[in-house]
Amino acid sequence: MLAAVMMSVVAALCGAEELSPEAQALHQQLLSRVAPAVRTWVLTEAQVVRSDPQCEERRVRVDAQAQFVPQPVVGNDLDALVFLVYVEVLQQLDREISRRQVPVEPAKKMEKKKPSPATNTVVEARARQEQELTERRQKLAGRVDELGRQLWGLSGTLLESIR
């Protein structure tokens, strides 16, 4: 049990380390200044993005503009909202991937019993799902780092007018 907990902690830490220091620092700065309503929207939007692997960045941008109609969200503020949503999605993916990496206890060997094809199919499906999650996470992490580098110099002025 302790080994499983340690593996999930290590997996979560490894996932967090993949982001650049600028992206991590920007995330902390934005979270400390963002209004509660914006934070709630980020969490809700991250769940939408997480549940739909086909969701594109354009949809997040359109949703942000629709959500914050009284204060037009454009330019770097829009990029900052996409950044916050994607970081939240990465954190959700990290938690899911770390849960899947819990080692399965080896089954007791049965004498002269062949493995069932259904078991192999399930194992293959799980491996394929984990691979898809990992690939999606890597793609999102790359975009988060790109946005983090782009927005780092502007971090003091981002999201000031959005409430």
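Checking the conditions here, which among Leu158, Leu154, Leu133 is surrounded by 15 or more Cβ atoms within 10 Å (Cβ to Cβ) and within 30 Å of Gly75 (Cβ to Cβ)?
On the way: Leu154 fails: surrounded by 15 or more Cβ atoms within 10 Å (Cβ to Cβ); Leu133 fails: within 30 Å of Gly75 (Cβ to Cβ).
Going through Leu158, Leu154, Leu133 in turn, just one is surrounded by 15 or more Cβ atoms within 10 Å (Cβ to Cβ) and within 30 Å of Gly75 (Cβ to Cβ): Leu158.
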**Members of the stretch 134-150 found to be within 24 Å of Ala37 (Cα to Cα), among the aliphatic types (A, V, I, L, M) and touching an Asp or Glu at 6+ places or on another chain (Cβ under 6 Å), listed by number** = Leu147
**Prompt:** In the stretch 106-116, is there at least one residue being of a type outside the set (A, V, I, L, M, F, W, C), at pLDDT 80 or above and not in a helix (DSSP H, G or I)?
**Reply:** no
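The values are calculated or read from the model by the stated rules, or taken from the named source; none is laboratory data. Just so we're clear, the structure is a prediction, and the values are computed from it rather than from any experiment. Positions of Cβ are generated from backbone atoms using ideal geometry, with glycine treated the same way; all protein chains shown enter the neighbour counts.
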